[in-house]
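Undergrad: Before anything else, here's the structure in question.
What follows draws every value from the coordinates through simple rules; no lab data is involved. What you are looking at is a predicted structure, and each value in this text was computed from that prediction instead of being measured. As a convention, Cβ positions derive from the backbone with ideal geometry for all residues, glycine included, and neighbour counts pool all protein chains shown.
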Amino acid sequence: MTLAAADIALLADRLCEAQDAAAPIAQISDDYPGMSADDGYAVQHALTQRWTDRGARIIGYKAGLTSQVKMKQIGIDVPSFGVLTSAMALPENGDVPTGELIHPRVEAELAFVMKDELQGTDLSIDAILAATDFVIPAIEIIDSRYQNFKFDLASVVADNSSGARYATGGRPMAVDAVDLRTIGVVVERNGEIVAVGASAAVLNHPARAVSLLVGHLSRYGRSLPAGSYVMTGSITEAIPVAAGDSVCARFQNMGSITLRCV
Ligand code: OOG
Ligand code: MG
C-alpha cells in the first residue's frame, strides 16, 4: 500500500499531537491495515519535518530492534530506524522529564560518532569503523506514543521508532582501542541490577547496525552525514522507569551514565 499525501500529513499530525500532549493513541495501522514499512517511514519523514520546522536540528539517527532481547520484548524481528534531534538530547547525568512522556523505558546502547559521510548498501564492519570518529556510551529513553507499547513495524517506524530522549556520557573510545563486541553492560534502577548484557547482542557487532542504517538511508537516496551521532540499539531489554527513579548504565571500561527521573 502507498498512503496518499493527505493521509501521511494527517498521521504525522496525529503522532506529533500525541507526543506534545503525552497522550497515547491507538497504533495508526489500525486505521490503515494495508500500511507498509515504507508508508511508516513516509510518516516519520513528515513528522521529522514538523520538528525541524519548529527549530529542532537533526543530530543523527537511531537503529532499534537490533538485539534478540529487544526483538523478543517487542515481537518484531526487523530493525527499525529513526532520527535523533537536538530537542531530544538530555545533558549528561541530567533529569528525565517523565511528565512530558507517556510510559518511558530506558535502554543502554553504544553510540557511534562519524567522521566521514557514508552511503551504500552492505558496507562492511571495517568500512564503518574506518569512517567512525569514536564510540561512546549512551542511554536512550524510548516512549511509544501507542497505547500499551503495542504496535507493528509500520506503526513503530511512523512513530520515529519510539525515540523520545537520549543522553551520552562516560568515556569516548577510539574504535581500535576496544573490542566492540565484548563490552559488558549493567543497567541499575534505584541501585538494583535490572539488566545485564554484552555489546555483541547487537547484531554480533554494533557497527553492523550502522551499516544497516546507512543501507536504509541509501534506499531513500540519502547518506549518513559526517559528524552524525548514531545510536545502535539496546543491548538489553528496555526497562520501564517512573518519576523518582534513578537509573545508571555502566559500560565496561567506558564509564557510566546516570539519569534521574523527575
Ligand atoms: C522500538 C525502538 C527500539 C532499540 O534500541 O531497540 C529501540 C521500541 O522498542 O519501542 O530503540
Ligand atoms: Mg533504542
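Undergrad: Only one of (1) closer than 12 Å to Phe112 by Cβ; (2) out of contact with any strand residue (DSSP E or B) (no Cβ under 6 Å at 6 or more places or on another chain); (3) away from ligand 1 (no atom under 16 Å from the Cβ) fails for Ser228. Which number is that?
TA: Going through (1) closer than 12 Å to Phe112 by Cβ; (2) out of contact with any strand residue (DSSP E or B) (no Cβ under 6 Å at 6 or more places or on another chain); (3) away from ligand 1 (no atom under 16 Å from the Cβ) one by one, Ser228 breaks only (2).
Undergrad: Which of the residues belonging to segment 212-247 are crowded, with 22+ Cβ neighbours inside 10 Å and more than 15 Å from ligand 2 (Cβ to nearest atom)?
TA: Selection gives Val214, Leu224, Ser228.
Undergrad: Another question about this same structure. Can you tell me how many residues in segment 64-92 are more than 21 Å from Glu237 (Cα to Cα) and either small (Gly, Ala, Ser) or more than 15 Å from the chain's Cα centre (by Cα) (or both)?
TA: Going through segment 64-92 one residue at a time, the tally reaches 5.
Undergrad: Please state which one of Ser124, Ser155 is touching a residue at least 12 places away in the same chain (Cβ under 8 Å), among the small types (Gly, Ala, Ser) and buried (at least 23 other Cβ atoms within 10 Å of the Cβ). Step through it out loud before you land on a result.
TA: Working: Ser124 fails: buried (at least 23 other Cβ atoms within 10 Å of the Cβ).
Going through Ser124, Ser155 in turn, just one is touching a residue at least 12 places away in the same chain (Cβ under 8 Å), among the small types (Gly, Ala, Ser) and buried (at least 23 other Cβ atoms within 10 Å of the Cβ): Ser155.
Undergrad: Name every residue in segment 21-31 that is in a loop (DSSP other than H, G, I, E, B) and surrounded by fewer than 19 Cβ atoms within 10 Å (Cβ to Cβ), in order of residue number. Even if it seems obvious, please write down each step before you answer.
TA: Step one: list which residues in segment 21-31 are in a loop (DSSP other than H, G, I, E, B), which gives 22-24, 26-27, 31.
The answer is Ala22, Ala23, Pro24, Ala26, Asp31.
Undergrad: Taking the condition touching a Cys at 6+ places or on another chain (Cβ under 8 Å), hydroxyl-bearing (Ser, Thr, Tyr) and farther than 20 Å from Lys150 by Cβ, does Thr85 pass? Give the derivation first.
TA: Values: touching a Cys at 6+ places or on another chain (Cβ under 8 Å): no; hydroxyl-bearing (Ser, Thr, Tyr): yes; farther than 20 Å from Lys150 by Cβ: yes.
Considered against the rule, which asks whether it is touching a Cys at 6+ places or on another chain (Cβ under 8 Å), hydroxyl-bearing (Ser, Thr, Tyr) and farther than 20 Å from Lys150 by Cβ, Thr85 comes out as no.
Undergrad: Which residue, of Ala18, Ala9, is out of contact with any helix residue (DSSP H, G or I) (no Cβ under 8 Å at 6 or more places or on another chain), small (Gly, Ala, Ser) and outside any loop (DSSP other than H, G, I, E, B)? Let's see the steps before the verdict.
TA: On the way: Ala9 fails: out of contact with any helix residue (DSSP H, G or I) (no Cβ under 8 Å at 6 or more places or on another chain).
Residue meeting the stated conditions: Ala18.
Undergrad: Pick out, from segment 124-198, the strands (runs of 3 or more DSSP E) lying fully within it that include 3 or more residues that are more than 16 Å from ligand 2 (Cβ to nearest atom).
TA: Details: elements: 132-142, 163-168, 184-189, 192-198.
Counting at least 3 such residues, we get 132-142, 184-189, 192-198.
Undergrad: Would you mind finding the one in Glu92, Glu109 that is part of a strand (DSSP E or B) and either within 15 Å of ligand 2 (Cβ to nearest atom) or within 28 Å of Val262 (Cβ to Cβ) (or both)?
TA: Numbers: Glu92 fails: part of a strand (DSSP E or B).
One residue alone meets the criteria, Glu109.
Undergrad: Across segment 38-67, what is the total count of residues that are among the basic types (Lys, Arg) and within 16 Å of ligand 2 (Cβ to nearest atom)? Steps first, answer last, please.
TA: Filtering segment 38-67 down to residues among the basic types (Lys, Arg) leaves 50, 54, 57, 62.
Restricting the remaining residues to those that are within 16 Å of ligand 2 (Cβ to nearest atom) gives 62.
Of the residues in that region, 1 qualify.
Undergrad: Give me the residue from segment 45-75 that is in a loop (DSSP other than H, G, I, E, B) and either within 8 Å of ligand 1 (Cβ to nearest atom) or of a type in the set (Asp, Glu) (or both) and, out of that set, farthest from Asp116 (Cα to Cα).
TA: In the first step, residues of segment 45-75 are kept if they are in a loop (DSSP other than H, G, I, E, B); the result is 54-57, 65-66, 75.
After this cut, where a residue has to be either within 8 Å of ligand 1 (Cβ to nearest atom) or of a type in the set (Asp, Glu) (or both) as well, the list is 65-66.
Numbers: Leu65: 25, Thr66: 23 Å.
So, considering only residues that are in a loop (DSSP other than H, G, I, E, B) and either within 8 Å of ligand 1 (Cβ to nearest atom) or of a type in the set (Asp, Glu) (or both), the one farthest from Asp116 (Cα to Cα) is Leu65.
Undergrad: Can Val202 be described as among the β-branched types (Val, Ile, Thr), surrounded by 16 or more Cβ atoms within 10 Å (Cβ to Cβ), within 30 Å of Leu15 (Cβ to Cβ) and in contact with a helix residue (DSSP H, G or I) (Cβ under 6 Å, 6 or more places away or on another chain)?
TA: Working: among the β-branched types (Val, Ile, Thr): yes; surrounded by 16 or more Cβ atoms within 10 Å (Cβ to Cβ): yes; within 30 Å of Leu15 (Cβ to Cβ): yes; in contact with a helix residue (DSSP H, G or I) (Cβ under 6 Å, 6 or more places away or on another chain): yes.
Here the answer is yes, as Val202 does meet what is asked.
Undergrad: Scan segment 9-17 and tell me whether some residue there is of a type in the set (Asp, Glu), over 15 Å from the mean Cα position of the chain (by Cα) and within 16 Å of ligand 2 (Cβ to nearest atom). Talk me through it step by step, then tell me what you get.
TA: Initial filter on segment 9-17 (of a type in the set (Asp, Glu)): 13, 17.
Cutting the leftovers down to over 15 Å from the mean Cα position of the chain (by Cα) gives us 13, 17.
Filter once more, so that each one left must be within 16 Å of ligand 2 (Cβ to nearest atom): none.
Within segment 9-17, not a single residue is of a type in the set (Asp, Glu), over 15 Å from the mean Cα position of the chain (by Cα) and within 16 Å of ligand 2 (Cβ to nearest atom).
Undergrad: Taking segment 247-257, which residues are polar (S, T, N, Q) and within 12 Å of Ala108 (Cβ to Cβ)?
TA: Taking segment 247-257 as the starting set, the residues that turn out to be polar (S, T, N, Q) are 252-253, 256.
Hits for segment 247-257 are Gln252, Ser256.
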